[in-house]
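I'd like to ask you about the structure that follows.
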Amino acid sequence: MINNQFITEKFGFLGLDFIHELEICSVITDIKSKTEIVSPGQRIQYVPILIKGSIKVFTLNEGRELLYYYIKPGESCIMTFASIFKNCISSVYAYAEESSKALLIPVSSLLRLINSFPGMNNFFYNEYDDRFTALMTMVNDAVFHKLDTRVLNYINQRAVVTGYNPVKITHKDIASALGTSREVISRVLKKLVNEGHVTQHKTAIEIISESQLKDHHFNND
């Protein structure tokens, strides 16, 4: 049994009975940075809700990475959630990009909670909406935007997800996420530096374009 402020803040709208049930059946776990959490073919035992950190959800096609989305604090993995209504087998990779903490709800308990507290569906409906919007943004970038715009948008997305600017990210990481080579990304980043959009540090990239920084507040550690 756990007693955590996160549960109350996230699910207080469902009432004290729900919070009590969730505290009894769920666990909170720490996830080390650079840890693979789940992979395709693995049986799903828990549905996570991220408390802190960042989780990357992706697939591999002939060794090339295809990014689906990032999970931010307060969010869940909608593809993991969807799998519990079929065969409870994962079709994606989930990878902790940094040290993270997550609330884990056993699949059997989650199904029972949804049946007893239908209002919980609203949380997952919102997750579906957010993921669909993110998917449409990704498709729009791939179809209509040049690679330099996609790279800048991706770095900005990482800054928003982690809450940090500069962003600790490598050229190889960006290349994997956008389906290109490290050499191409290096050339694009050099162009973005010359245009005054970003600054490259030894282990991080900093966004300095005012249009990208607008309406966001980042840590600078």
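Between E62 and L104, take the C-beta separation as r, use R0 = 30 Å, and let me know the FRET efficiency to the nearest 0.05.
Calculated value: 0.40.
Under a cut-off of 18 Å between alpha-carbon atoms, report the lysines in cross-link reach of K191, not counting same-chain residues fewer than 8 places apart.
Here the lysines satisfying the reach criterion relative to K191 are K146, K172, K202.
Pick out, in residue order, every one of the trypsin sites (Lys or Arg not before Pro) in the stretch 112-193 that is DSSP loop and has at most 11 other C-beta atoms within 10 Å; say none if there are none.
Loop-located and lightly packed - K146.
Further question on the same structure: Would you mind calculating the gained length between K86 and T170 on full extension (0.36 nm times residue separation, minus the Cα-Cα distance), in nm to one decimal?
Gain on stretching K86 to T170: 26.6 nm.
List the trypsin sites (Lys or Arg not before Pro) in the stretch 51-96 that DSSP assigns to loop (not H, G, I, E or B) and whose Cβ has at most 13 other Cβ atoms within 10 Å. Which are they?
Sparse-neighbourhood loop trypsin sites (Lys or Arg not before Pro): K86.
Could you list which residues have their amide H under 5 Å from that of I37, counting only those 5 or more apart in sequence or on another chain, with H placed in the peptide plane?
Here A94, Y95, A96 satisfy the definition.
Can you list the HN-Hα couplings for the stretch 33-50, worked out from phi with the Karplus curve (6.51, -1.76, 1.60; θ = phi - 60°), rounded to whole Hz and with x for Gly and Pro?
Those phi angles translate into 4, 6, 9, 7, 8, 8, 9, x, x, 7, 6, 7, 10, 9, 10, x, 10, 6 Hz.
Right, something else. I'd like the GluC sites (Glu not before Pro) in the stretch 39-100 restricted to DSSP loop residues with at most 14 other Cβ atoms within 10 Å, sorted by number.
Here the sparse-neighbourhood loop sites are E62.
Roughly what angle does helix 121-144 make with the longest principal axis of the chain, taking Cα atoms, 0 to 90 degrees, to the nearest 10?
Approximately 20 degrees, to the nearest 10.
Between I114 and D30, what is the label-to-label distance in nm when each label sits 7 Å out along the Cα-to-Cβ direction?
3.2
Would you kindly derive the ³J(HN,Hα) couplings of the stretch 172-178 from the backbone phi angles with the Karplus curve 6.51 cos²θ - 1.76 cosθ + 1.60 (θ = phi - 60°), listing them in order in whole Hz, with x for Gly and Pro?
3J(HN,Hα) across the stretch 172-178, in whole Hz: 5, 4, 5, 4, 4, 5, 9.
Any read-out appearing in this document is the output of simple, stated calculations on the displayed coordinates, not a laboratory observation. Computed from a prediction, not measured in an experiment: that's the story for all the values here. Every residue, glycine as well, gets a Cβ built from its backbone with ideal geometry; the counts of neighbours run over all protein chains shown.
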